[in-house]
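> Quick one: the structure is below, questions incoming.
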Amino acid sequence: MLHTRFFQKLLITLTVSILSFNTNANDKNNIVIHSLSDAFESRNLTLDNSSDTKRLFVYVNGMLTNPVDADTNFRHISSMIRARVPSLVLRKAYNQSQGFVKDVAQVAAQQLEQDNAYTTKDAWYHTALNFLTDNTRLPITGVQYLIAKADEYNSVSESDLNNHINNIYVPFLDAGYHIVVLSHSQGNFYANSAWEQILAAKGLDVARKMKIVGVATPAAYVANDGDYVTNSGDLIINAVRFVATSGRQPKESNISIAASSKDKSGHSLITTYMGVDSRSNDSRETIVNAVVKAFAELESEEEEELDACDAFIFNIQGSERHSPPHSKHDLWSSSPRYKFTIPDESTVTLSMAVVGMEPNSNGYIVSFGYETPLGRSTPYSLKINQNKTLTLPSSNGRAVNVYVSHPTTNEAEYEAFFNISATCEKDEQ
């Protein structure tokens, strides 16, 4: 009979193993490694103190981080950041591990139970034991599907996300703070989602005052063109990379950290990415420098009073999912997906493209459209690998709402991945 506390410890270990068992030497050969100079050119960056500067640093935890560990991580990271960034307010945006991780573990246990005639308890034990003893690979059918489904839309708790937005980000943005978010693992889904919702609700002028530094990110992008650090030996991210479809591939690895028996997954924020031993020196310094660099960029933009067109940024990667039965078919029936403002005396070029489908098919359609104070555009229906580019002069109305939808269909479930971007050009005087 297994001791209850020991069994619980094994189950915690299981969730790491489920996301890491698909990676082998051949998988790693497909990862592009960049030198540190490719990621960030400056080393040991430090900001000057200023009584007029309002800076907020936010840590967003990854999966399976309990509140005690999140506090420990927060203190560890904060001490490093505060040494380089004075006049700093610190906050922790905590999120609990969500159903995605639990579903993955449950699928593996159910398969073992079915395929090997184990009892439920023995199936969980055997799954964890395989990881602890480096035994044979675990069953993968169904688990691949669940891992590949993880993204900003189904790996985020709405209650946790709303708490981050309404109790941390928005109050500080409204008070004139510059915000830099350091997000780890699953926390990157939260950070991306928060930035996009702030963009939709507050517009680009507010959202651009918040930057994200991603660490060990399973996401396909970092919102607001933020920097990131991902270890080539991160088995968790490599597992996601191994099974994710083209539209969900995590950003490529850009640093290599020596493996350690203290963290077999290569995924731990404190043990691997920001550890105090020599093997973590490069990654730790790169992450801290990225945070300092993000604050410096935010403050530089404000000090230089950049022309609104020069400072214009709008680049979104998202997805539109059809889950039958579906009745909403009017593009304009839902809330705007994204918002931005056209700078005065400028012309914005808006581009929309469908870059992937799951399952891959040329028959599925995604509809795009925009609305200004002067009216709505024609809806534009696009299939995979199709795009549409539009010109929006400032005389067409400065506020722009972008809508995304899909038509009523009898098709089975599908998901489309899209990019929406906009560039600004000053009008000739």
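The values are calculated or read from the model by the stated rules, or taken from the named source; none is laboratory data. Since the model is a prediction, treat every value here as computed from it, not as a measurement. Note: ideal-geometry Cβ built from the backbone for every residue, glycine included; neighbour counts use all protein chains shown.
> In segment 412-429, which residues are within 22 Å of PHE314 (Cβ to Cβ) and among the aromatic types (Phe, Trp, Tyr)?
Of everything in segment 412-429, those that are within 22 Å of PHE314 (Cβ to Cβ) and among the aromatic types (Phe, Trp, Tyr) turn out to be PHE417, PHE418.
> Being closer than 23 Å to ARG398 by Cβ, β-branched (Val, Ile, Thr) and touching a residue at least 24 places away in the same chain (Cβ under 8 Å) narrows it down to one of VAL229, VAL181, VAL170, so name that one.
Values: VAL229 fails: closer than 23 Å to ARG398 by Cβ; VAL181 fails: closer than 23 Å to ARG398 by Cβ.
Only one candidate passes the filter, namely VAL170.
> Scan segment 383-423 residue by residue and report those that are charged (D, E, K, R), part of a loop (DSSP other than H, G, I, E, B) and in contact (Cβ under 8 Å) with a residue 40 or more places away in the chain.
Pass one, segment 383-423, residues charged (D, E, K, R): 383, 388, 398, 411, 413, 415.
Those still in the list that are part of a loop (DSSP other than H, G, I, E, B) too: 383, 398, 411, 413.
If the condition is that a residue be charged (D, E, K, R), part of a loop (DSSP other than H, G, I, E, B) and in contact (Cβ under 8 Å) with a residue 40 or more places away in the chain, then ARG398, GLU411, GLU413 are the ones that fit.
> Quick one: which of PRO373, PRO379 is surrounded by 14 or more Cβ atoms within 10 Å (Cβ to Cβ) and in contact (Cβ under 8 Å) with a residue 12 or more places away in the chain?
Working: PRO373 fails: surrounded by 14 or more Cβ atoms within 10 Å (Cβ to Cβ).
Criteria check complete, one pass: PRO379.
> Go through (1) under 30 Å from LEU235 (Cα atoms); (2) touching a helix residue (DSSP H, G or I) at 6+ places or on another chain (Cβ under 9 Å); (3) at pLDDT 85 or above for LYS293 and report which single condition fails.
Of the numbered conditions (1) under 30 Å from LEU235 (Cα atoms); (2) touching a helix residue (DSSP H, G or I) at 6+ places or on another chain (Cβ under 9 Å); (3) at pLDDT 85 or above, the odd one out for LYS293 is (2).
> Does any residue in segment 342-363 that is surrounded by fewer than 19 Cβ atoms within 10 Å (Cβ to Cβ) come within less than 6 Å, Cβ to Cβ, of a residue that is in a strand (DSSP E or B) and β-branched (Val, Ile, Thr) six or more places away or on a different chain, and which pairs are these?
Taking only residues 6 or more apart or on different chains, the pairs are THR349/THR391; THR349/THR423; SER351/THR389.
> Counting residues that are within 19 Å of the chain's Cα centre (by Cα) and either among the hydroxyl-bearing types (Ser, Thr, Tyr) or surrounded by fewer than 21 Cβ atoms within 10 Å (Cβ to Cβ) (or both), which helices (runs of 4 or more DSSP H) fully inside segment 187-281 reach at least 1?
Numbers: elements: 187-202, 204-207, 235-243.
Once the helices (runs of 4 or more DSSP H) in segment 187-281 are filtered for at least 1 residues that are within 19 Å of the chain's Cα centre (by Cα) and either among the hydroxyl-bearing types (Ser, Thr, Tyr) or surrounded by fewer than 21 Cβ atoms within 10 Å (Cβ to Cβ) (or both), what remains is 187-202, 235-243.
> Somewhere in segment 301-311, is a residue part of a loop (DSSP other than H, G, I, E, B), at negative phi and at pLDDT 80 or above? I'd like the intermediate steps shown before the answer.
In the first step, residues of segment 301-311 are kept if they are part of a loop (DSSP other than H, G, I, E, B); the result is 305-311.
Pick out the ones that are also at negative phi and you get 306-311.
Checking which are at pLDDT 80 or above leaves us with 309.
Yes - at least one qualifying residue is present in segment 301-311.
> To continue, here is another question. Please go through segment 397-411 and pick out each residue that is within 16 Å of PHE312 (Cβ to Cβ) and loosely packed, with under 15 Cβ neighbours inside 10 Å.
Correct list: ALA399 only.
> Right, next: Within segment 122-142, can one find any residue that is on the phi > 0 side of the Ramachandran plot and modelled with pLDDT of 55 or more?
Going through segment 122-142, the residues on the phi > 0 side of the Ramachandran plot turn out to be 134, 142.
Keeping just the survivors that are modelled with pLDDT of 55 or more gives none.
No, the conditions are met nowhere in segment 122-142.
> Something else about it: Filtering segment 383-412 down to residues that are aliphatic (A, V, I, L, M) and touching a strand residue (DSSP E or B) at 6+ places or on another chain (Cβ under 6 Å), which residue is modelled with the lowest pLDDT?
First, the residues of segment 383-412 that are aliphatic (A, V, I, L, M): 384, 390, 392, 399-400, 402, 404, 412.
Remaining after also requiring touching a strand residue (DSSP E or B) at 6+ places or on another chain (Cβ under 6 Å): 384, 390, 392, 399-400, 402, 404.
On the way: ILE384: 89, LEU390: 92, LEU392: 90, ALA399: 86, VAL400: 90, VAL402: 91, VAL404: 90.
Only one residue fits best here, namely ALA399.
> On to the next question. With the structure loaded, tell me whether GLY226 is modelled with pLDDT under 90 and under 28 Å from ASP310 (Cβ atoms) or whether it fails that test. Give the steps one after another, and end with the answer.
Numbers: modelled with pLDDT under 90: no; under 28 Å from ASP310 (Cβ atoms): yes.
Considered against the rule, which asks whether it is modelled with pLDDT under 90 and under 28 Å from ASP310 (Cβ atoms), GLY226 comes out as no.
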